[in-house]
Amino acid sequence: MSRNLWFGMLVVVLVCALSTTGCRRKPKTAASGADNIGGLSGQSSELGLSSRLPGEMDVRSEKFASALFDYDSAQVKESERAKIDAVADFLKKNSRTGVLVEGNCDERGSAEYNMSLGERRALAVRAYLVGLGIDGAIVQTKSNGKEKPVDMGHDEAAWSLNRRADFVLFNQ
Amino acid sequence: MKRWGWISALVFFSVLSAAPAQVRVTKSMNEVSSLDISQFVGKSAGAPALFRQTLEADLKASGWFNLAAGGRAEYSLLGEAAMDGDGLAVRCEAYNVAGREKLLGKTYKTTGREVRRLAHKAADDIVLAITGKKGMAGTRILLIGNRTGKKEVYLCDADGQNLRQLTHDNTISMAPKWAPDGGRFVYTSFRSRFPDVYLVNLATGNRNCIANYPGLNSSAAFSPDGGEVALILSKDGNPDLYIKDLDGGALTRLTSTRRAAEASPSWSPDGRQIVFVSDSSGTPQLYVMNRSGGEPKRLTSRGSQNVDPDWGANGYIVYCSFIGRIYQIFVMNPATLEFKQVTREDANYEDPSWAPDGRHIVCTRTSNYRSRIFVIDTQGGSLIPLLPDSEKGDWVAPSWSQQ
């Protein structure tokens, strides 16, 4: 009986250790999980959007680097994960802070299709943040389609900067 | 609601008498008929001259006629436009010369400044009487312009005249699409900061938000009976195709593509099917599905992107295909999947929309990084700018009214 009890406690300790590792101490473990959630090859990103932000947001001053995407892709690239990790770390340290993820596209192609593609980019970043342990309720998405380029150029150098997800942090 | 800075156009003309002209199709699709308009008089300065000049331009733009002066024209137009008090009185007769047959006999009257609109009405009557086809002269085009520094919705006549700014949202406006009645339209605006879909009544200027769910609300398109819109929403976690009932507000979800984005729905003429864009194959392509649900069927196989479909009343789908390094306009028969390219590869052509005549399209042409609107005759091949080059800025996303 005591042998069983000890075994049971060992299991509990192991489970706790694993879940803590997964959610907090080593974000990289969670990151490989989030890759599946957000990407074109991944699992469902169907996390229903709960509510709409008011038009007037109490925007915070902190700036975060935009996550960039490949042409016609909404997959979170490995090279961009650290940028999203930084946003997640900030959100964890600052309760009552939310983030609006704005998906953007380059100037080429259908304006309407780019609205949908931009939303998928924002949703992929949202899914990645949720995979890092962020509450989905504080992550809002918005697509700007191809309407808000940061670089007005007409070449790949400009396009690669415009295929992006921007982070706007706000006080809830 | 923000006050609209424009007044809806009202038509003041009235048809005094209308001898019912028998409609007969005397020509096959691609033939051009010769029409002699030299016997139609409207030379006095002012309204009569403007009427005749507008009528002639409309008949030429219709694509059906070669306007021969005298000689052996197949058809002839007789009549007169003259001042009548403050207004204009018009008599208009169209004949089949060889058969000595009267195809049209009408008189029109207008007061005020609706001379151009009256000429458009007469031109459409003449086209219908001679060819049996619906005209386009009296219709209008919605488009997006950015000359104020922001993208706003504009409206003009089918010949590019009477351009006026409809929205003053001072933000991004996108994708205006007509209701089948030609009196209302839907568009996407960022005026709430987020992309939402609005319905505008042109006569009253009333605007209602019809979709402001969390996430994306865009690409709305009216059903042929005007009772529903198909649109793209992401409220359930991914951009998918939905139908919203405009009376009760009920939503029906049509696609559940977890790994793909949908866009740009357009209804079949009978309202039973919807063509739309989906990138579920990895690139954006055209699919068709029943309004009642079921499996989408892929329509396009050539081109790395096929986008912006518009299903015309003629049964054909006009769309934009990325071939090589350039966007071009194609027309497809969805029953046979046969298609033909309608633009020459001298620029990027996008955003096509059918005219109600089933023959012309209006689209965006982008050259040297400037976008302008052009009208293309898919049968005759002509390419005509809608607005003069002096209209500054970029013009995109045209939508041609069906009334």
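Distance from the C-alpha centroid of region B:29-69 to that of region A:97-131: 52 Å, rounded to the whole angstrom. Each eigenvalue of the Cα gyration tensor of region A:76-172, multiplied by 5 and square-rooted, gives one semi-axis; in descending order these are 25, 13, 11 Å.
Measuring with a 1.4 angstrom probe and ignoring ligands and nucleic acids, A:Leu161 comes out at about 80 Å² accessible. Here region B:298-351 and region B:234-265 have alpha carbon centers that stand 24 Å from each other.
For the residues B:Lys60, B:Lys43, B:Lys134, a 1.4 Å probe over the protein chains yields an accessible-area ranking, largest first, of B:Lys43, B:Lys60, B:Lys134.
Take every Cα pair under 8 Å whose residues are at least 6 apart in sequence, average their separation, divide by the length of chain B, and the relative contact order is 11 percent.
Here A:Lys142 is the anchor, and the aspartates and glutamates within straight C-alpha reach of less than 13 Å, apart from those fewer than 8 places off in the same chain, are A:Glu102, A:Glu119, A:Asp166, B:Asp196.
Look at the dipole of the protein assembly as shown built from charges on Cβ: of B:Thr204, A:Ala122, B:Tyr349, the Cα furthest out on the positive end belongs to A:Ala122.
Taking B:Asp377, B:Asp58, B:Asp169 as the candidate residues, the one with maximal mean-square fluctuation in a Gaussian network model of chain B, Cα springs under 10 Å, is B:Asp169.
Here is how the number arises for the protein assembly as shown: DSSP H runs of 4 or more residues each give -39500 (n - 2.57), the sum is divided by the residue count, and the result at 222 nm is -6000 deg cm²/dmol. May I ask you to find the residues of region B:165-211 that are shielded by at least 30 Å² of accessible area once the whole protein assembly is considered instead of their isolated chain (probe 1.4 Å)? Flagged in region B:165-211: B:Ile172, B:Met174, B:Phe190, B:Arg193, B:Phe194.
A DSSP coil position with no more than 11 other Cβ atoms inside 10 Å describes the following trypsin sites (Lys or Arg not before Pro) in region A:64-138: A:Arg96. When you filter the chymotrypsin sites (Phe, Trp or Tyr not before Pro) in region A:55-105 for DSSP loop state and at most 11 other Cβ atoms inside 10 Å of their Cβ, nothing is left. On the beta carbon distance between A:Met152 and B:Ala45, with R0 = 30 Å, the FRET formula returns roughly 0.05. Using Stokes-Einstein with the Kirkwood hydrodynamic radius over Cα pairs, what translational diffusion coefficient do you get for the protein assembly as shown at 4 °C and a viscosity of 1.567 mPa s, in µm²/s rounded to a whole number? My calculation gives 50 µm²/s for D.
Counting only lysines at least 8 places from A:Lys93 when in the same chain, those with an alpha carbon closer than 23 Å to its own are A:Lys26, A:Lys28, A:Lys63, A:Lys83. The modelled label-to-label distance between B:Arg302 and A:Phe90, using points 7 Å beyond Cα along the C-beta direction, is 4.9 nm. Sorting B:Thr167, B:Thr283 by solvent-accessible area of protein heavy atoms yields B:Thr283, B:Thr167, largest first, with a 1.4 Å probe. Extending 7 Å from the Cα toward the beta-carbon at both B:Glu338 and B:Asp225 defines two label points whose distance is 3.2 nm.
Projected onto their three principal axes, the Cα atoms of chain B cover extents of 65, 48, 44 Å, largest first.
Among the residues of region B:304-342, those with an accessible-area drop of 40 Å² or more from chain alone to full protein complex, heavy atoms and 1.4 Å probe, are B:Gln305. In region B:364-403, the residues that give up 40 Å² or more of accessible area when the other protein chains are added, compared with the chain on its own (1.4 Å probe), are B:Tyr369. Which residues in region B:365-403 place their backbone N less than 11 Å from a point set 7 Å from the Cα of B:Asp346 along the Cα-to-Cβ direction? Correct set: B:383-384. Accessible surface buried at the A:B interface totals approximately 3400 Å², computed with a 1.4 Å probe on protein heavy atoms. Solvent-accessible surface of chain B, taken per residue with a 1.4 Å probe and all protein chains present: 42 Å². Taking GluC sites (Glu not before Pro) as exposed when their DSSP state is a loop state and no more than 14 other Cβ atoms lie within 10 Å, the longest site-free interval of chain B runs over B:32-344. Rolling a 1.4 angstrom probe over the protein assembly as shown with all protein chains present gives an accessible area of which 51% lies on carbon and sulfur atoms. Applying a DSSP loop filter and a limit of 14 other Cβ atoms within 10 Å to the trypsin sites (Lys or Arg not before Pro) in region B:263-320 leaves B:Arg272, B:Arg302.
Candidates B:Asn146, B:Gly160, A:Thr141 compared by Cα position along the dipole of the protein assembly as shown: farthest toward the positive end lies A:Thr141, with charges placed on Cβ. Of all lysines in the structure, those lying under 29 Å Cα to Cα from B:Lys106, and not within fewer than 8 positions of it along the same chain, are B:Lys27, B:Lys43, B:Lys60, B:Lys121, B:Lys133, B:Lys134. Working note: Cα gyration tensor of region B:137-177, eigenvalues times five, square-rooted, sorted largest first, giving semi-axes of 20, 10, 7 Å. Taking all protein chains as shown and a probe of 1.4 angstrom, A:Arg52 keeps an accessible surface of around 60 Å².
The values are calculated or read from the model by the stated rules, or taken from the named source; none is laboratory data. The structure presented is a predicted model; accordingly, all values stated were derived computationally and were not measured. Using ideal geometry, Cβ is built from the backbone for each residue, glycine included, and neighbour counts are taken over all protein chains shown. Just so you know, the surface numbers come from the protein's heavy atoms only, side chains and all, with ligands and any DNA or RNA stripped out. Shrake-Rupley method; radii C 1.70, N 1.55, O 1.52, S 1.80 Å.
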